[in-house]
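Below is one structure; the comments refer to it alone.
Please treat every number below as a calculation from the coordinates, not as lab data. Since we're looking at a predicted model, the values are computed, not measured. Cβ coordinates were reconstructed from backbone atoms using ideal geometry, including for glycine residues, and neighbour counts include every protein chain displayed.
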Amino acid sequence: MSFNIAVAGKGGVGKTSLSGILIEYLVSKGLGPILAVDADANANLNEVLGEVIELSIGEIKEEVNKAEMAGVPLPPGVTKSDFFQLRLNQAIAEGNGYDLLVMGRSQGAGCYCYVNGILKNQLDILAKNYSHIVVDNEAGMEHLSRGTLGKIDILLLVSDSSRRGIQAVGRIKELVAELNLKVPVIKLIVNRAPGGVLNEGIAEEIERQGLDLIGVVPLDQNVFEYDAYGKPLVDLPADSPSKVALREIVDKLGILKK
């Protein structure tokens, strides 16, 4: 079975950026095969990785629904389930040392429950094919509450240097306990810390929430510049503060020994 790493936190704290840098580091250390999963309906992990996505799970769902409504027949001898699985396999994009699967969204209003279910089934099927799976979650707690991710070996809670961010990941940790998810390792990463240092108030809130801080990623001007020009963050210089800090965190986690 694969070793599964999930990244979670509230919106806008840099989860996707750190997920992309994490994936790049694991690839550089030869920990393949790796499956990168963008589990956010508003997908952009591919941009951090520098990949173009041609097909998402949400788009496949819409494609099948429209074909059914239009009465378009499936190829002879092919069931709806078989056709769905074929298209899902085609949605896996090959990256530089990893594969990428994007959840995406269905068109129009409504909840993403059905697409979440498809993602869960697909992850269950694919788990045996990869040594490591890294899942960049949407903002909030839906994937955890619905059990979309299945087995989680490490849950990385990402916050910025704000009290609200720390409180948000504190609630995620509480939900994990309430759902009895049995995640063996839950660690906090504080991202975009000015000067790479936590102020006293944030340190106190981390302790109040009972969170286990594994590392601090400093505010990195290179990240802002790369993002402004649409450059993949995985191409950041090796000495960029965010890359250096996250690689040190990964080394502490012992993922490279898994």
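Side notes on the structure shown:
- Helical runs (DSSP H, four residues minimum) scored at -39500 (n - 2.57) apiece and divided by the length of the chain put the mean residue ellipticity at 222 nm at -12500 deg cm²/dmol.
- By the rule of a C-alpha distance below 23 Å, with chain neighbours fewer than 8 residues away ignored, the lysines paired with Lys243 are Lys10, Lys15, Lys29, Lys187, Lys231, Lys252, Lys257, Lys258.
- Nearest-0.05 FRET efficiency for Glu200 and Thr79, computed from C-beta distance (R0 45 Å): 0.15
- Gain on full extension, evaluated as 0.36 nm per residue between Arg171 and Ser131 minus their Cα-Cα distance, stands at 11.4 nm.
- In the range 1-90, GluC sites (Glu not before Pro) in a DSSP loop with at most 13 other beta-carbon atoms within 10 Å: Glu54
- Computed from backbone phi, the HN-Hα couplings of the range 192-198 come to 6, 7, x, x, x, 10, 7 Hz, rounded to whole numbers (Karplus: 6.51 cos²θ - 1.76 cosθ + 1.60, θ = phi - 60°; Gly and Pro given as x).
- Label sites at Gln90 and Val52, each approximated as a point 7 angstrom past Cα along Cα to Cβ, lie 1.8 nm apart.
- For Asp251 and Ala70, a Förster radius of 41 Å and the Cβ-Cβ distance give a FRET efficiency of 0.15, rounded to the nearest 0.05.
- Principal axis extents of the Cα atoms in the range 3-257, from largest to smallest and rounded to whole angstrom, are 65, 40, 36.
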